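Here is the structure we will look at.
The values are calculated or read from the model by the stated rules, or taken from the named source; none is laboratory data. Being a predicted model, the structure only gives us computed values, none of them experimental. Cβ: placed from backbone, ideal geometry, glycine included. Neighbour counts: every protein chain shown. All accessible areas refer to the heavy atoms of the entire protein, side chains included, with ligands and DNA or RNA removed. Shrake-Rupley method; radii C 1.70, N 1.55, O 1.52, S 1.80 Å.
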Amino acid sequence: MKIIIGSKNPAKISAVKNCFSDQHEFVDLDIPSGVNEQPFSDDETIKGAINRAVGALKQGNGDIGIGLEGGVQETSFGLLICNWGALATNEREPFIAGGARILLPEEVAARLRAGEELGPVMDDYAKMQNVSKHEGAVGIFTSGSINRVDMFTHLMKLLVGQYTYYSSR
């Protein structure tokens, strides 16, 4: 089976590979999300994941297209990180799944509300480089208890589980 990953982000690629056997062929492509660089709602983040999955499937001419997207969601409690994934096939509408959420510190949230993107803000905040390709905001704010690969692996398990369930029916 040929699985096309709609991202070049190493954390997302690792998460996909964690959930399929090595017998599959993996191709990673830089597929645009079609949404803002910093998705600012569940709906926008879901749309970005679906766009990446469908785009990957079409552009990569594979059996499965995967789209993983991180974003933020404003709530009455503050700004939460959110992450969504989509698994597309030629047989049906894409499967979607959402993952972990944690509250961002107001210092970070204020910068996002002012128009900045989480990745560069986290690099500055943590005084590190490429946080979004490694531990992610979730890794920083959980003291490494869970990182971005773990978070997206959980999403992938939800997606692959749905795919397996409906494929057997």
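Determine the pairs where a residue that is in contact (Cβ under 8 Å) with a residue 12 or more places away in the chain, located within the range 1-24, has a partner that is open to solvent by 50 Å² or more (accessible area, probe 1.4 Å) and basic (Lys, Arg) with Cβ atoms under 8 Å apart, the partner being 6 or more residues away or on another chain.
Correct list of pairs: Asn9/Lys133; Pro10/Lys133; Ala11/Lys133; Cys19/Lys157; His24/Lys2.
Quick one: how many residues across the range 14-24 are in a loop (DSSP other than H, G, I, E, B) and either at pLDDT 95 or above or not aromatic (Phe, Trp, Tyr) (or both)? If you could, list the steps in order and put the result at the bottom.
At the first step, the residues of the range 14-24 found to be in a loop (DSSP other than H, G, I, E, B) are 19-24.
Right, trim to either at pLDDT 95 or above or not aromatic (Phe, Trp, Tyr) (or both) and you get 19, 21-24.
Here the count works out to 5.
Consider the range 73-88. How many of its residues are open to solvent by less than 40 Å² (accessible area, probe 1.4 Å) and either over 18 Å from the mean Cα position of the chain (by Cα) or without any contact (Cβ under 8 Å) to a residue 12 or more places away in the chain (or both)?
Matching residues across the range 73-88 total 1.
Report, ordered by the first and then the second residue, all pairs with beta carbons closer than 8 Å, sequence separation of six or more or different chains, a first member in the range 48-72 that is under 30 Å from Arg111 (Cα atoms) and modelled with pLDDT of 95 or more, and a second member that is open to solvent by 50 Å² or more (accessible area, probe 1.4 Å) and not β-branched (Val, Ile, Thr).
Sorted first by the residue in the range 48-72, then by its partner, the pairs are Gly48/Gly34; Asn51/Pro32; Asn51/Gly34; Arg52/Pro32; Gly67/Asn51; Gly71/Phe40; Val72/Phe40.
Specify which of the listed residues (Ala86, Ala11) is at pLDDT below 95, among the hydrophobic types (A, V, I, L, M, F, W, C) and under 22 Å from Val160 (Cα atoms). Full working, then the answer.
Working: Ala86 fails: at pLDDT below 95.
Answer to the check: Ala11.
From the set of residues in the range 107-146 that are in a loop (DSSP other than H, G, I, E, B), on the phi < 0 side of the Ramachandran plot and open to solvent by 80 Å² or more (accessible area, probe 1.4 Å), which is modelled with the lowest pLDDT? Even if it seems obvious, please write down each step before you answer.
First, the residues of the range 107-146 that are in a loop (DSSP other than H, G, I, E, B): 114-117, 127-130, 134-135, 142-146.
Cutting the leftovers down to on the phi < 0 side of the Ramachandran plot gives us 114, 116-117, 128-129, 134-135, 142, 145-146.
From what is left, the residues that are open to solvent by 80 Å² or more (accessible area, probe 1.4 Å) are 114, 129, 134, 145.
Values: Ala114: 97, Gln129: 94, His134: 86, Ser145: 96.
Within the range 107-146, the match that is modelled with the lowest pLDDT is His134.
Can you pull out the residues in the range 1-41 that are of a type in the set (Asp, Glu) and either crowded, with 17+ Cβ neighbours inside 10 Å or within 17 Å of Met156 (Cα to Cα) (or both)?
First pass over the range 1-41, keeping only residues of a type in the set (Asp, Glu): 22, 25, 28, 30, 37.
Selection gives Asp22, Glu25, Asp28.
Mind telling me which of the residues Glu107, Glu91, Glu135, Glu116 ends up being out of contact with any strand residue (DSSP E or B) (no Cβ under 8 Å at 6 or more places or on another chain) and touching a residue at least 60 places away in the same chain (Cβ under 8 Å)? Quick ask: steps written out before the conclusion?
Values: Glu107 fails: touching a residue at least 60 places away in the same chain (Cβ under 8 Å); Glu91 fails: touching a residue at least 60 places away in the same chain (Cβ under 8 Å); Glu135 fails: touching a residue at least 60 places away in the same chain (Cβ under 8 Å).
So the residue among Glu107, Glu91, Glu135, Glu116 that is out of contact with any strand residue (DSSP E or B) (no Cβ under 8 Å at 6 or more places or on another chain) and touching a residue at least 60 places away in the same chain (Cβ under 8 Å) is Glu116.
If a residue counts only when it is within 30 Å of Arg169 (Cβ to Cβ) and among the β-branched types (Val, Ile, Thr), which strands (runs of 3 or more DSSP E) contained entirely in the range 25-106 have at least 2 such residues?
Passing ranges, in order: 64-75.
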